[in-house]
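Report on one structure; see the data block that follows.
The values are calculated or read from the model by the stated rules, or taken from the named source; none is laboratory data. Bear in mind the structure is a predicted one, so any value in this text is a computation, not a measurement. Here the Cβ positions follow ideal geometry from the backbone for every residue, glycine too, while neighbour counts run over all protein chains shown.
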Amino acid sequence: MRRRIEIKLIDDNSKRHTTFTKRRKGLMKKAEEFCRKSDSTAMLLIFSSSKNCYGFGHPEIDYVLDRYEADSSSAEAGTSAAGAVTEMETRIGDAVESGRWEEAVRGLGFDAFDQLTAELENIRRQVAALQTKFAAEGWR
C-alpha cells in the first residue's frame, strides 16, 4: 500500500539537489508519457535554486513555443503568422551566412532596427534553451 508523504523543503542542500535532479527527470518523463497517450503538446520550464533552467517540450520546445506564439498573435491580430518568414529573419539569415552584419542593418530605420534587435534576442533565447536542453540530456 502506498502512503502519502508530506511535501516540505529538504533542509540538507546535497539531498535537496539530488531529489531535485531525480524528480525533475521523473516529471519530464511523466509529461512526455502524458503527451504521447493524449496526443497533446506540452512544455515545462524548471528553474533550480542555483538559477539553472531546464526545459522540456513535446514534441520539442521550439514547436510548442512557436505554436503558442502563433496562437497568441492570431488571437490578437485575427490572422495566423505561423510559417511566414519575416524580412528580419531573412536579413539575419543572410548576415549569418555571409558574415556581413553591416549589410544586414544598412538602410534600417529605428523601428526596423528595434525589430531586428528583438529578433536577435529571440534567437539568443532559443539557443540558450537548446543549450539547456542538451546539457540536461547529458550532451557535451
Would you be able to tell me the number of residues in the stretch 116-140 that are under 20 Å from residue 62 (Cα atoms) and either in contact with a helix residue (DSSP H, G or I) (Cβ under 6 Å, 6 or more places away or on another chain) or not in a helix (DSSP H, G or I) (or both)? 6
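Counting only residues that are charged (D, E, K, R) and closer than 18 Å to residue 13 by Cα, how many does the stretch 24-60 have?
2
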When residues of the stretch 45-74 are limited to those that are assigned to a strand (DSSP E or B) and touching a Lys or Arg at 6+ places or on another chain (Cβ under 9 Å), the one farthest from residue 125 (Cα to Cα): 58
Top-ranked residue of the stretch 75-95 - restricted to ones that are at pLDDT below 70 and outside any helix (DSSP H, G or I), ranked as farthest from residue 122 (Cα to Cα): 78
